[in-house]
Amino acid sequence: AEKVSLRLKWLAQAQFAGFYVAKAKGFYDQGGLDLTINPGGPNLNVETLVASGNDTFGLAGGTETVLLAREKGLPLVCIGVTVQTTPFTYVAYKDSGITQVKDFAGKKVATWFTGTQYTLYSMLASAGMKQGDLTIVPQSGSMAPFVEKQFDVAAATYYNELNVLKAQGLGDRLTLIKPDDYGVIVQQDTVLVSEKYRNEKPQQVQAFMNATIKGWKYALQNKKEAIDIVMAASPSLNRAHQEAMLDEFEKLVKAGKGTTDGILAIDLPTVEKMQAQLVGYKALKAPADLSKAYDPSFWTQVPATDKKF
Amino acid sequence: MVAKRKLSASPVVPVVLSVIVLLAVWEGAILLFRIPPFVLPSLGAIVQHAFTDTGRLMAALLATLGEALGGYALGSVLGLLVAVVLLLAPPLERVVMPLAVAVNAVPTVAYAPLFLIWFGLGAASKIALVALAVGFTMLVNALHGLKQADLAAVNLMRSFGAGPLKIVWRLRLPVAMPSVVTALRIGVPRSMIVAIVGEMLGAYAGLGRMIYESTQQVDLLSVWSAVLVASVASMVFYGVLVWIDQKLVWWR
Amino acid sequence: MSSPTQRMLRSPVLAFVGLAIVWEIAVHAFAPSPRYLPALSAIAQDAWSVWPQLMRGFGRTLLETVLGFAMGAVFGCLCGTVFTYSRWMERSVFPLFVVSQTVPVVAFGALIVIWFGNSLLAKVMTAFFLTFFPVTVNTLRGLKSCDPQRIALMKSFGAGRLVMFFKLAVPSALPQIMVGLRVAIGLSLIGSVVGEWFGETVGLGVMLMEAMNADLVLRLWVVMFACGLMGALLYGLLTFVERRLVWWRSES
Amino acid sequence: MKFMPHEVMPPAAGTPAPPMLELVNVWKRFGDGQAQTVAVSGVDLRIAKSEFVTLVGPSGCGKSTLFNMIAGLLPPDDDGSLLFGGAPQRDGQLLGKVSFMPQRDLLFPWRTVLDNAILALEVEGVPRKEARDRARAMLPEFGLAGFADHYPHQLSGGMRQRVALMRTFLFERDLLLLDEPFGALDALTRSRMQHWLLEIWARHRRTVLFITHDIDEAIVLGDRVLVMTARPGTVKSETVVDLPRPRDPSIVLSPEFIGLKQRLLAEIEEESRKTFAQEERAS
Amino acid sequence: MKFMPHEVMPPAAGTPAPPMLELVNVWKRFGDGQAQTVAVSGVDLRIAKSEFVTLVGPSGCGKSTLFNMIAGLLPPDDDGSLLFGGAPQRDGQLLGKVSFMPQRDLLFPWRTVLDNAILALEVEGVPRKEARDRARAMLPEFGLAGFADHYPHQLSGGMRQRVALMRTFLFERDLLLLDEPFGALDALTRSRMQHWLLEIWARHRRTVLFITHDIDEAIVLGDRVLVMTARPGTVKSETVVDLPRPRDPSIVLSPEFIGLKQRLLAEIEEESRKTFAQEERAS
Ligand SMILES: Nc1ncnc2c1ncn2[C@@H]1O[C@H](COP(=O)(O)OP(=O)(O)OP(=O)(O)O)[C@@H](O)[C@H]1O
Ligand SMILES: Nc1ncnc2c1ncn2[C@@H]1O[C@H](COP(=O)(O)OP(=O)(O)OP(=O)(O)O)[C@@H](O)[C@H]1O
Ligand SMILES: Cc1ncc(C[n+]2csc(CCO)c2C)c(N)n1
Ligand SMILES: [Mg+2]
Ligand SMILES: [Mg+2]
């Protein structure tokens, strides 16, 4: 069997259930792959590890990060996208009266500056606002400052931060201001491989793709077992938190093309739109050739029965 | 001949030489092992990037340096004060030292979330983190130094009717000076690092924030140049300290 | 001289128990938000709920810490020695040590993984990286502060460098070296915890990251207590060794 | 000159002065069990105000230990008591009331000669400038002129001792405890210092307790000479020196002096021999 | 006894032994410019093999400095030279060839009495057990029986000095340099140690250079007594002591002895007075 590894963007959790399930169920073994799953962490750059050949595959940042990485000269290709819609939203307390982007004016709005800020900029632009109309502050991993009401608005992923807020009993006191409602979509959790590996070992890449998609489908159809598998990988996790995470994540995986075309589909038109926005904010110098950055050929090869519900 | 001699005797020469060796190894490794720039960029590229992005880097540096210096000063003074207090009250030492040890053993990064809650995302939380890290090193070193005084000399001071504070001031502190300076030296790089790590976990400004965000956006040159700036700043900080130390060698 | 009860009363254990009781009562009386200060009993409960994982993580982190510390201690003592006896080495290499300490390891997770893989070694190296510097500095200070008149005496006996080193320099420097080790043990723990953020699956660092990510305040406290306990244990062990090793009274 | 049982109070300088210092059954033991050293055993002693008492005894007999207890630095064992001006003293109450010169010079290596000399004054709170001026004026008398700004490591053994001596004299207290203050000095410097000390004593009538190994010195200086026994040290005898004052250096040639000296020498030698005998048996 | 200009080689112990140690125009200056102290100036000196030479001089005149140079611990200034067995010595070549006892005892606080005593033996590579056995056997003679396992801080001043002395004696070299070795000892212990030293000297014919402030000691022990001048120290005079050996303690009462003593005392006092005069002028 071919020894390969997958680098995740974060520690083992339900966000990566598909991969853990595929491994536990032997889908990778069946495809002739001896896969090791390596967790990620803060300041651990998945793109670098995959581009340098240290890890074979990577589950990395958003569709925009692929473009940013390629512009910096990292020879990476995206072969699938897990999350088919923007996985995060902006949240505000109901009693603050904020219900839409226009209400951000004069408020303190927190966002991650990990690429997420461009989504906010685009939302503001689509509402006809300038960045100077509000105070934008950087947000950290913790939701504590928002809970302490140090910010009026903060970003939250559906599958993690929002659940954290809900777990603290804030669920029904929040208003969500979703990027998708403003026509801003940034898909995330891209599956990456280096150009070199893709060119030299296309069969292995295909096998990886097949197994992964099978794993995700199995995970979403057997969520309890999937959580068991994830918990086995990292027993100190909080089970309730993981269950909530998988529930939310399922929606993101099945959103948009995830249902119409199948799991891990690459939604190029949306990516192109997102790219135009990044170029507009000078985050990217120029539009790139998307066909080089995104290679849907492996996904296409996967039998439809495996990728569709 | 004279000029040559002076040059070889100057303390600058070995430093420059070793820095040159370091650079040569760095650039040589890149060429020899064909290390791609996203793993290890050439130093030239990093410096160049630093110069094109001076504004952002300097603003970040200023924020970090402020936190580091503030925490360093606060931690050093507090560490020394606590050391003196513990020295004067040995029963307190038996309780406080294990507590201080336990508190210090908890990684700074583990407190960071709590400190961010307690002191907010601004400079205060980072200053507190740095003060804690630097303060402990000072506490351990200073307490050791203060206890180094010859018991017979302490007795002499007592025979003059000197109270514990006078003994500390005129005997124990001078004896502890080398230990205190050692702590000050170890504290310099620590203060910068802790400030940076604190910023990575939540901050409005600073090199740590820049490093974290640039990593996430695969802007690795920005990461390297921020680290370079942090290192250079620490070195300057350290150099100033060594200079002051050498100016104050009267007790040796 | 003192009965077991008296010793109990004077030992820090009682103070800690008292502190714990005050904590618990205060939390129940003032009911602050658990984000600021949770009840001790709640923390204990949470610890119990993850007991096996906690124990496993504790063991793993302990292993990394001890290995990293051992490497750092040996390396630091060696370097401190080399720097003491080779002024040239001190002037050329020591500044690089300072530079190395100004580099935030946390920023280079990817490099650590590339160099040392996803192995135990990676964590040991991060722990090592933080440990060797304070040991080096303290060894250097200790060896240099050796009484020149005693050196002269040994010379008059015809003592060679090696004899001088083991019979005079090392015992003179030992107290200061122990101080370096005491500072280093805490740093080693920090190093291994941070090292676990680079793709590890077991350990207190992993649990810490998970707790931060899911905003599990109680778990955060559990990990902090575990780290504090480990640090205090290792520190206590070191102090015990020190008492065995440095029993004499200073006579400067 | 006559011998007296040491329970009897000697008539110091003729007048019946009240005892300034009184030791009643003072003990000091170090360590316990097998390894116990009894340094001082059952010392009874009365020193009158303005008396000059010299203390001699074999090396290691407990003289310095006794001094440390009188200076308040070392608590005596619970058996006995120590009275100062009639009042029993506990827990270092004597600290700051006695000018004490320890056997080791204990100069601070980071202070110059001048600053070492004014240490006690600084502790008392005398302004530094004034203290320095006072010390500077004394330097020539101590043969230290021109060395004000030297550091201890730049001094000879005898010079260090003289700095320690200056430091003690500048700390003006009614009771002076001097532990072999002139041990490292040559004959003339020594006699100069002795002269100086006697002058101070005569002028200010400070009470002096003085340890020495030099019997001549003990007799020339003292109103009384105490001989201590070998360890466990106690007071073996008290000899009143009734030679007239001021005593000229030539007094050492007088028959009274020589008689006294021989007697004292014999006593010390007896004790000293005991130490070696004891130890030869012990080994 | 007679005075000799110090260029002339004294007939040591009757036989024309070759000079074991020769100092030619040796200088030592500390510091420069205004703050310069000339510690030793133009010393010329020849010590024959097996000679016992005592050195006296006012405190601070440069005796210890001279010793440090002879022991190879301090390089003499470039002006002169130092020959050992006829060969000029440079850069500490003498280290390890001379048994040197410094003025301060310099005991190691982490070593027991026994282990401090065997320090030099250990340096030489003598097995520890053997070294300890040899040292243990000497303890009673030094009045230290029962103190083998004590640490230096548990000793009296004189006991410390005796440990340092043992350490020096155990380091058996042809040339012994002793810097006030008996300064802190009482009369009997002192004369015991003197006796012991003379015995060693007589038995092994080691060459001894001996600093003391006690003129009696200088005369009783020495073949020759060197008097040093006040700082800048140089050799003022050399006096051959032709009293018969072995010398009984009662020799101090002999008229020759007294005459010699008076002459030497006068010389030292003249020098000592100079120091104070100089300094009074300087201030
Ligand atoms: N801290 C201590 N622990 C144990 N024994 C001690 C301690 N201090 C002193 N001693 C012992 O007490 C005895 C008396 O010591 P002390 O210093 O009083 O003698 P001394 O009369 O001053 O002698 P010297 O004339 O040599 O200075 C010695 O045998 C010494 O070993
Ligand atoms: N390291 C030094 N730096 C400056 N001056 C020094 C140094 N060492 C000694 N001296 C000076 O040299 C002179 C001679 O000192 P030395 O120790 O040789 O005297 P000594 O004859 O041994 O006196 P003593 O009998 O008091 O021990 C002194 O004036 C001293 O101040
Ligand atoms: C796209 C995206 N950006 C940031 C976060 C938030 N976040 C989660 S962990 C972490 C690091 C903390 O050290 C941060 C900032 C997110 N969830 N998704
Ligand atoms: Mg004594
Ligand atoms: Mg001397």
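The values are calculated or read from the model by the stated rules, or taken from the named source; none is laboratory data. Just so it is clear, the model here is predicted, and its values are computed rather than measured. Using ideal geometry, Cβ is built from the backbone for each residue, glycine included, and neighbour counts are taken over all protein chains shown.
Could you tell me whether E:LEU74 is more than 16 Å from ligand 1 (Cβ to nearest atom), surrounded by fewer than 23 Cβ atoms within 10 Å (Cβ to Cβ), in the same structural domain as E:ARG263 (by TED's automatic domain parsing) and within 18 Å of the chain's Cα centre (by Cα)? Yes; evaluated as a whole, the condition is true for this residue. Here E:SER250 qualifies as of a type in the set (Gly, Ala, Ser), assigned by TED's automatic domain parsing to the domain that holds E:HIS213 and more than 30 Å from E:ARG29 (Cβ to Cβ). Quick one: in the range D:98-146, which of the residues that are polar (S, T, N, Q) and assigned to a loop (DSSP other than H, G, I, E, B) is nearest to ligand 2 (Cβ to nearest atom)? Restricting to residues being polar (S, T, N, Q) and assigned to a loop (DSSP other than H, G, I, E, B), the top hit is D:THR112.
Put simply, of A:LEU252, A:LEU264 the only residue that is among the hydrophobic types (A, V, I, L, M, F, W, C) and in a helix (DSSP H, G or I) is A:LEU252.
I'd like the residue in the range B:199-211 that is modelled with pLDDT under 90 and in a helix (DSSP H, G or I) and, out of all such residues, is nearest to C:PRO95 (Cα to Cα). Filtering first and then ranking leaves B:MET200.
Can you find a residue that is within 30 Å of E:PHE182 (Cβ to Cβ), within 14 Å of chain B (Cβ to nearest Cβ) and not in a loop (DSSP other than H, G, I, E, B) anywhere in the range D:45-58? Looking for residues that are within 30 Å of E:PHE182 (Cβ to Cβ), within 14 Å of chain B (Cβ to nearest Cβ) and not in a loop (DSSP other than H, G, I, E, B), one finds none in the range D:45-58, hence no. Residues that are closer than 24 Å to A:GLU195 by Cβ and free of Cβ contacts under 8 Å to residues at least 12 places away in the same chain within the range A:258-296 comprise A:PRO269, A:VAL279, A:ALA286, A:ASP289, A:SER291, listed in sequence order. Checking B:LEU88, B:LEU116, B:LEU92, B:LEU121 one by one, the residue that is touching a residue at least 24 places away in the same chain (Cβ under 8 Å) and surrounded by fewer than 20 Cβ atoms within 10 Å (Cβ to Cβ) is B:LEU88 and no other. Could you check the range D:24-36 and list, in sequence order, the residues that are crowded, with 18+ Cβ neighbours inside 10 Å and within 14 Å of chain E (Cβ to nearest Cβ)? Within the range D:24-36, just D:LYS28 meets the criteria. The residue that is farthest from ligand 3 (Cβ to nearest atom), among those in the range E:140-169 that are under 22 Å from the mean Cα position of the chain (by Cα) and at the interface with another protein chain (Cβ under 7 Å from one of its Cβ atoms), is E:GLY143. For the range E:118-139, the set of residues classified as within 14 Å of chain D (Cβ to nearest Cβ) and acidic (Asp, Glu) consists of E:ASP133 only. Taking the range A:1-81 as the region of interest, the strands (runs of 3 or more DSSP E) fully inside it that hold 1 or more residues being in contact with a Lys or Arg (Cβ under 7 Å, 6 or more places away or on another chain) are A:33-38, A:57-59. Of the helices (runs of 4 or more DSSP H) contained entirely in the range B:83-196, those carrying at least 1 residues that are over 30 Å from D:GLU172 (Cα atoms) fall at B:90-105, B:108-119, B:123-147. Residues that are within 16 Å of ligand 3 (Cβ to nearest atom) and buried (at least 23 other Cβ atoms within 10 Å of the Cβ) occur at least once in the range A:170-182. Taken across the range E:98-106, residues that are within 16 Å of ligand 4 (Cβ to nearest atom) and either within 21 Å of E:THR168 (Cβ to Cβ) or among the aliphatic types (A, V, I, L, M) (or both) do occur, with at least one present.
Of all positions in the range C:37-58, at least one carries a residue that is within 11 Å of chain B (Cβ to nearest Cβ), farther than 22 Å from C:GLU200 by Cα and at pLDDT below 95. Comparison of D:ILE211, D:ILE215 shows that the only residue that is more than 16 Å from ligand 5 (Cβ to nearest atom), in contact with a strand residue (DSSP E or B) (Cβ under 6 Å, 6 or more places away or on another chain) and within 14 Å of chain E (Cβ to nearest Cβ) is D:ILE211.
Check the range D:222-235 and report whether any residue there is under 25 Å from E:ILE268 (Cα atoms) and modelled with pLDDT under 90. No, every residue in the range D:222-235 fails to be under 25 Å from E:ILE268 (Cα atoms) and modelled with pLDDT under 90.
Of the helices (runs of 4 or more DSSP H) lying entirely inside the range C:161-252, those containing at least 3 residues that are among the β-branched types (Val, Ile, Thr) and either facing another protein chain (nearest Cβ under 7 Å) or more than 28 Å from A:ILE37 (Cα to Cα) (or both) are C:170-195, C:217-245.
When C:LEU218 is tested against the conditions (1) touching a Pro at 6+ places or on another chain (Cβ under 6 Å); (2) of a type outside the set (Val, Ile, Thr); (3) within 16 Å of ligand 3 (Cβ to nearest atom), the lone failure is (3).
Within the range A:98-122, restricting attention to residues that are out of contact with any strand residue (DSSP E or B) (no Cβ under 9 Å at 6 or more places or on another chain) and in a loop (DSSP other than H, G, I, E, B), the residue that is surrounded by the most Cβ atoms within 10 Å (Cβ to Cβ) is A:GLY115.
Can you find even one residue in the range B:221-233 that is within 16 Å of ligand 3 (Cβ to nearest atom), at the interface with another protein chain (Cβ under 8 Å from one of its Cβ atoms), in a helix (DSSP H, G or I) and free of Cβ contacts under 8 Å to residues at least 40 places away in the same chain? The answer is yes; a qualifying residue exists.
Consider A:ALA156 carefully, then state whether it is modelled with pLDDT of 90 or more and either among the acidic types (Asp, Glu) or not in a helix (DSSP H, G or I) (or both). So A:ALA156 fits the description; yes.
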